[in-house]
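Single-structure report; data block below.
The values are calculated or read from the model by the stated rules, or taken from the named source; none is laboratory data. No experiment lies behind these values; they were computed from the predicted model shown. Cβ coordinates were reconstructed from backbone atoms using ideal geometry, including for glycine residues, and neighbour counts include every protein chain displayed.
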Amino acid sequence: MVDSILPYIILAMILFSIGFLGVIARKNIFIVYMSIELMLNSVNIIFVSLGRYNESMQPQVIAMIIIAIAAAEAAVFLSLITVLFRRKKSLNSDIFNVLRQKSVTHE
Amino acid sequence: MIDIIFIILSFFAIIGGLGMILFAQPIYSALSLIVCLVALGGVFALLSAPFLFMVQIILYAGAIITLVLFIIMFLNVKSDNLPNEPYKIPTILVGGILLVPFNLLIIKGFSTLEDKPMHIIGEGFGSIKGFGMELFRNWLVPFELISILLLVALVGAVVYLRKEKSDG
């Protein structure tokens, strides 16, 4: 098992599937956000295991860049959640539909 | 030995991920995501990336998810603010079955790679020095772009969180 890359890929794919299911099955917007974080992490696992396989350090740098992007995403997403919760008093992602056409008024 | 550690770490990672999408309260989800991320940090250490292991523990579990926990506590979420999710478990089960062919395709693609020893390399592979050399020699432009991205995210977060006008 140490001699193969496959267990790491299987672990990463299981975690990616869990994150994807969290995005499509949950309505709580915090859990949607954390599922996206989990998907980014599983992609990191694939990058780093391929880097170990080829004995190259470039995928580790890519994984580091992905972590930095996740930090930027965390700042924007959490402030967005705060604004939406302040306005709607709910965490349900179905009610965030202010861009829908039904609220357009023709003058 | 590495096999046993890997199995234990992946067990905790999968349990943490499943707990994250199954708990109803977001605070329990964030705590189980911390378990999952720390276990994934251990997997990074097994893949001879000690610097990424450190970054994962300090930055991901220590900073980002702690920020999420702070926001959850700061918002003071009551149980009637939470969405009503009657179809959570059936959607997860059906979606899990539907995702099986996709996963099998990816794993079949990766199984054509021939086996190589994957033991932990010492001698500076993944250490801070080698990592910094790699980053500042070959990845300097992405590094600078990341700094601009973080600045834009900072300004964006401040703009979102400004005090709104009275009609807001």
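Just to be sure I understand, how many residues within region B:12-48 are within 25 Å of A:R52 (Cα to Cα) and over 16 Å from the mean Cα position of the chain (by Cα)?
Total satisfying the criteria: 3.
Going through region A:78-104 one residue at a time, which ones are of a type in the set (G, A, S) and modelled with pLDDT under 80?
Across region A:78-104, the qualifying residue is only A:S103.
Which one of A:I24, A:I5, A:I46, A:I66 is facing chain B (nearest Cβ under 7 Å) and at pLDDT 90 or above? Write out each step before concluding.
Numbers: A:I5 fails: at pLDDT 90 or above; A:I46 fails: facing chain B (nearest Cβ under 7 Å); A:I66 fails: facing chain B (nearest Cβ under 7 Å).
Being facing chain B (nearest Cβ under 7 Å) and at pLDDT 90 or above holds for just one of A:I24, A:I5, A:I46, A:I66, which is A:I24.
Please specify each residue of region A:27-43 satisfying the condition of being touching a residue at least 40 places away in the same chain (Cβ under 8 Å), within 8 Å of chain B (Cβ to nearest Cβ) and buried (at least 20 other Cβ atoms within 10 Å of the Cβ).
Selection gives A:N28, A:F30, A:Y33.
Can you name the residue in region B:61-108 that is at the interface with chain A (Cβ under 9 Å from one of its Cβ atoms) and small (G, A, S) and is also farthest from B:F44 (Cα to Cα) among such residues?
Applying the filter and picking the extreme gives B:G95.
Would you check if there is a residue in region B:78-88 being at pLDDT 90 or above, loosely packed, with under 11 Cβ neighbours inside 10 Å and under 18 Å from A:L21 (Cβ atoms)?
Let us first name the residues in region B:78-88 that are at pLDDT 90 or above, namely none.
There is no residue in region B:78-88 that is at pLDDT 90 or above, loosely packed, with under 11 Cβ neighbours inside 10 Å and under 18 Å from A:L21 (Cβ atoms).
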